[in-house]
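In what follows, a single structure is set out as structure tokens and then discussed.
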Amino acid sequence: MYDLIIIGSGPAGLSAAVYGKRAGLDLLVLEKNPMSGGQVLNTYEVDNYLGLPGFNGFDMGMEFRKHADKLGVVFKEAQALSIIDNGASKTVRTKKEDFEARTVILATGAEHAHLGVPGEEELSGMGVSYCATCDGAFFRNKTVAVVGGGDVALEDAIYLARTCEKVYLIHRRDELRGAAVLQEELKALSNVEILYSHVVTCIQGEDMVESVKIKNLKNNEESTLLLSGVFIAVGIHPDTGLLKELTECDEGGYIIAGEDCATLVPGIFAAGDIRKKPLRQIVTAVADGANAAVSAGNYCRLLYNS
């Protein structure tokens, strides 16, 4: 019986592990992927984390994990399949075994949204990518497109413009949604062309991406762009399936939990990108992890004293 099981080891989960371990909790971290760090691993440059401007995202993720390792946090590579609320204890079921704990912190993060157009799934990994920093090097001196208009899309376009011959930014609205500073930087790049009020209707190619069909939403005219890669940055979906039947989520699927990260189920907490909140950044995920671990510790003390 653990005091705490943390599901997920991105910034929120690793922060919770550090705070939980320092508080003396007997805890276990379950991570379905071979590497900790979450989405930050795919971020080329983190420029808004206090005190570490311009820090490489992969290196940041490794430093977060190193901190937890230094404290002796126990990690196990396993995918949680379900959480059972037993009242004073919780059961986390994985494919191979079950784990028991007094509290659980869900820090499973979010997944990339897809366009849902023909050719997207078929050419995934063959020119269709959801991570510019992961795959951008394969498209040096080539023409690519980024789909989206938020911060991630703008950051991807700026990053790709450093090495690609030409970058199209395709956005369904008539104005970008990303931060003003990113918009200014993007618009100053001579090899970037912004296509407002356009959507991708089809991604084409045999063994690799060769072109995309796009439609102008104002006049319904269709055209084709010849290119080698498509980077999709149209949002994320919270990975909250483990708790959807146990607690309340908003219309977007985000778990409703306050700043203490407590869900409606006593002893279960939600931290990071899965929690309903106005801002989802590395710094807010780290803060959630700290709050969730403190809340879990307080809950354990109540159980011990009851």
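Since every read-out is calculated from the coordinates, none of them should be taken as a lab result. Values in this document were obtained by computation on a predicted structure and should not be read as measured data. Here the Cβ positions follow ideal geometry from the backbone for every residue, glycine too, while neighbour counts run over all protein chains shown.
For the chain, the Cys residues with no second cysteine's beta carbon closer than 4.7 Å are C164, C202, C249, C261, C300. The phi-based Karplus calculation (6.51 cos²θ - 1.76 cosθ + 1.60; θ = phi - 60°) puts the 3J(HN,Hα) values of the stretch 243-260 at 10, 4, 8, 9, 9, 9, 10, 7, 5, x, x, 7, 6, 7, 7, x, 5, 7 Hz, whole numbers, x for Gly and Pro. If I build a Gaussian network model for the chain, linking alpha-carbon pairs within less than 10 angstrom, which residue out of A23, A233, A257 has the largest mean-square fluctuation? Highest fluctuation of the listed residues: A23. Cβ crowding within 10 Å, taken as a proxy for footprinting-reagent exposure, orders L160, L189 from fewest neighbours to most as L189, L160. Dipole orientation for the chain: of the candidates H198, A153, A292, A292 has the Cα lying most toward the positive pole (charges on Cβ; Lys, Arg +1; Asp, Glu -1). In the list [x] 187; [y] 177; [z] 139, the label attached to volume of the Cα convex hull per residue in Å³ as derived from the coordinates here is [z]. Compute the helix-to-body angle for 11-22: its Cα long axis versus the longest principal axis of the chain, expressed 0 to 90° and rounded to tens. With rounding to tens, the tilt is 20 degrees. Largest GNM mean-square fluctuation among K96, K213, K66, using the chain with Cα springs under 10 Å: K96. For the options D174, D59, D239, a Gaussian network treatment of the chain with springs between C-alpha atoms closer than 10 Å singles out D174 as fluctuating the most.
Any idea how far apart Q79 and T163 come out in nm if each label point goes 7 Å out from Cα toward Cβ? For Q79 paired with T163, the spin-label model returns 2.9 nm. Here the 3J(HN,Hα) profile of the stretch 179-184, calculated from phi with Karplus coefficients 6.51, -1.76 and 1.60 at θ = phi - 60°, is 4, 4, 5, 6, 4, 4 Hz, Gly and Pro shown as x.
Here the extension length gained between M208 and L303 equals 28.5 nm, from 0.36 nm per residue of separation less the Cα-Cα distance.
Taking θ as phi - 60° and the Karplus parameters 6.51, -1.76 and 1.60, the scalar couplings of the stretch 56-68 work out to 5, x, 4, 5, 5, x, 5, 5, 4, 5, 4, 4, 5 Hz in sequence order, x denoting glycine and proline. The charge dipole of the stretch 128-232, taken about the Cα centre with unit charges on the Cβ atoms of Lys, Arg (+1) and Asp, Glu (-1), comes to about 140 debye, rounded to the nearest 20.
Restricting the stretch 198-272 to GluC sites (Glu not before Pro) that sit in a DSSP loop and have at most 10 other Cβ atoms within 10 Å of their own Cβ leaves E206, E221, E245, E251.
Positive-end ranking of G252, H67, G272 along the dipole of the chain, with charges on Cβ about the Cα centre, is headed by H67. In a simple Cβ point-charge model (Lys, Arg +1; Asp, Glu -1; nothing else charged), the chain has a dipole of about 620 debye relative to its Cα centre.
Beta bridges per DSSP, both residues in the chain: antiparallel share near 45 percent. The Cα center of the stretch 228-306 and the Cα center of the stretch 93-127 differ in position by 16 Å.
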